[in-house]
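The values are calculated or read from the model by the stated rules, or taken from the named source; none is laboratory data. Everything numeric in this text was worked out from a predicted model, so none of it was measured. Here Cβ is always computed from backbone atoms with ideal geometry, including for glycine, and neighbour counts include all displayed protein chains.
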């Protein structure tokens, strides 16, 4: 039997949930904590990320984003090791308007 590479870690930390992507991990989250400088985390679509989250909050421990960039995407952005003006950006945090899925569209069509 071939075990997935994370199966051993799952036994060590059974409460940790492993995801296939950053977007999968962010779905339904109150905050995203970035603790790596890996390239795939530097190129996240911040608008897509915001739409997946319950609250758009990024805690950037590696300083891979700029405060003005996250502010434009309507995130509350916290970071470390930067001057105060650069490390904190807070916005009104508007809710993202989600695109209706096929089930929602079918229910609306049936109601008409």
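Some notes on this structure:
- The one condition in (1) surrounded by 17 or more Cβ atoms within 10 Å (Cβ to Cβ); (2) more than 16 Å from residue 21 (Cα to Cα); (3) touching a strand residue (DSSP E or B) at 6+ places or on another chain (Cβ under 6 Å) that residue 71 fails to fulfil: (1)
- Subset of region 67-101 [modelled with pLDDT of 90 or more and in a loop (DSSP other than H, G, I, E, B)]: 73, 74, 75
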